[in-house]
Amino acid sequence: MSRAITFSEYGAPEVLRPAEVPLPEPGPGQVRIRVRAASVNPLDLKIRSGAMAGAFPVRFPMVPGLDAAGVVDAVGENAGAAVGDAVLGATVGGSYAAYALLQEPVAKPAALSWEVAASLVTVGRTAARVLGELGVRAGTTLLVHGAGGSVGILAVQLAAARGLTVVATAGEHDLERVTALGATAVRYGDGWPQRVGDAAPRKVDYVLDASGAGVLADSVALTGDSARVVTIADMSAAEHGVRFSAGTAPAGQDGRGGRGEDPLPELARTAAAGTLTLPVWRTYPLDEAAAAHADLEAHRNHGKTVLLP
């Protein structure tokens with residue numbers, strides 16, 4: 001048996017409870033890891049509450065969590081790592097546990113902390129995927145909404161590194177940090193289109209909405225083309241002719257229906273080298289997963305939230 005966090009009904013954070021679960025056994029292509037860190041993502045909260053029941057039906061009791069980093073302790077046939085390897089990746093069957101299964105393990109550089117390694121998986125792949133869906137090019141201008149969040153923070157850095165001019169909306173407390181990452185930061189809220197127009201040196205070519213704050217209509221007006229706007233957070237996307245990009249594409253999805261190179265290994269290398277930043281706000285013991293969800297739900301965090309089994 002293995003220690004884990006489970007929930008047996010939809011509801012508030014309090015439905016998350018410590019439990020003993022069967023030790024997972026790796027199947028073909030899978031590895032089992034002793035989890036050193038598990039990332040808490042906003043999608044975890046939506047699945048736990050039942051808000052995503054239509055898109056992500058679950059079988060109770062469920063071990064939540066999408067991402068983890070740890071040390072391989074068992075392997076299935078044709079697995080992509082060996083016992084003793086330090087790896088990160090998306091889990092099969094949940095990550096809020098002492099042991100978890102990874103389908104596509106990625107090597108963790110020695111210089112990369114366990115906390116950042118676990119945090120990179122979903123948000124890093126999402127940021128890279130959405131930039132691919134937009135087809136951004138050097139010399140153009142990208143507007144990122146919600147740049148203070150983890151996907152936004154990574155998208156700003158990836159776009160700036162590709163030679164784009166980045167304008168980003170964020171809360172007052174995040175403006176200085178977003179500016180330091182290579183963007184022209186403007187305060188979100190009423191009047192943001194005018195502030196973006198004043199800050200952008202030329203027309204806005206693309207928009208990534210990671211905020212879900214009702215910005216799609218004005219974003220389409222700024223670009224002049226709904227195909228140049230993608231959201232990962234606003235469920236009204238179709239009303240504006242905007243693409244909603246789901247955050248669960250398989251590793252290597254290129255955003256255009258095909259399989260491209262998985263961005264995660266390169267993200268891990270650049271984060272280990274210090275040229276890509278992903279702030280970790282706070283860590284919690286595994287048994288305090290409910291408190292972690294409550295803090296994230298109340299928007300107390302300013303960076304990634306991580307569980308440490």
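The values are calculated or read from the model by the stated rules, or taken from the named source; none is laboratory data. All of these numbers come straight from a predicted model, not from anything done at the bench. Don't worry about glycine lacking a Cβ; one is built from the backbone with ideal geometry, like all the others, and counts go over all protein chains shown.
Yes/no per residue for (1) crowded, with 24+ Cβ neighbours inside 10 Å; (2) over 15 Å from the mean Cα position of the chain (by Cα); (3) more than 27 Å from Gly149 (Cα to Cα):
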{"residue": "Ala38", "(1), (2), (3)": "yes, no, no"}
{"residue": "Ala53", "(1), (2), (3)": "no, yes, no"}
{"residue": "Phe60", "(1), (2), (3)": "no, yes, yes"}
{"residue": "Asn78", "(1), (2), (3)": "no, yes, yes"}
{"residue": "Gly84", "(1), (2), (3)": "no, yes, yes"}
{"residue": "Pro105", "(1), (2), (3)": "yes, yes, no"}
{"residue": "Lys108", "(1), (2), (3)": "yes, yes, no"}
{"residue": "Ser119", "(1), (2), (3)": "yes, no, no"}
{"residue": "Arg125", "(1), (2), (3)": "yes, no, no"}
Test Ala147 against the stated conditions and say whether it is part of a helix (DSSP H, G or I) and under 18 Å from the mean Cα position of the chain (by Cα). no
Can you say whether Val156 is surrounded by 24 or more Cβ atoms within 10 Å (Cβ to Cβ) and either within 19 Å of the chain's Cα centre (by Cα) or not assigned by TED's automatic domain parsing to the domain that holds Leu222 (or both), as far as the supplied structure shows? yes
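Rundown of residues vs (1) among the basic types (Lys, Arg); (2) under 20 Å from Thr122 (Cα atoms); (3) touching a helix residue (DSSP H, G or I) at 6+ places or on another chain (Cβ under 7 Å); (4) not in a helix (DSSP H, G or I), yes/no style:
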position: Leu142; (1), (2), (3), (4): no, no, yes, yes
position: Val151; (1), (2), (3), (4): no, yes, yes, no
position: Gly163; (1), (2), (3), (4): no, no, no, yes
position: Val166; (1), (2), (3), (4): no, no, yes, yes
position: Arg177; (1), (2), (3), (4): yes, no, no, no
position: Asp190; (1), (2), (3), (4): no, no, no, yes
position: Arg195; (1), (2), (3), (4): yes, no, no, no
Can you work out which of the residues in segment 187-221 that are small (Gly, Ala, Ser) and free of Cβ contacts under 8 Å to residues at least 40 places away in the same chain is surrounded by the most Cβ atoms within 10 Å (Cβ to Cβ)? Ala199
Go through (1) surrounded by 14 or more Cβ atoms within 10 Å (Cβ to Cβ); (2) over 18 Å from Ala118 (Cα atoms); (3) touching a residue at least 24 places away in the same chain (Cβ under 8 Å); (4) among the aliphatic types (A, V, I, L, M) one by one and return the number of the condition Ala97 breaks. (2)
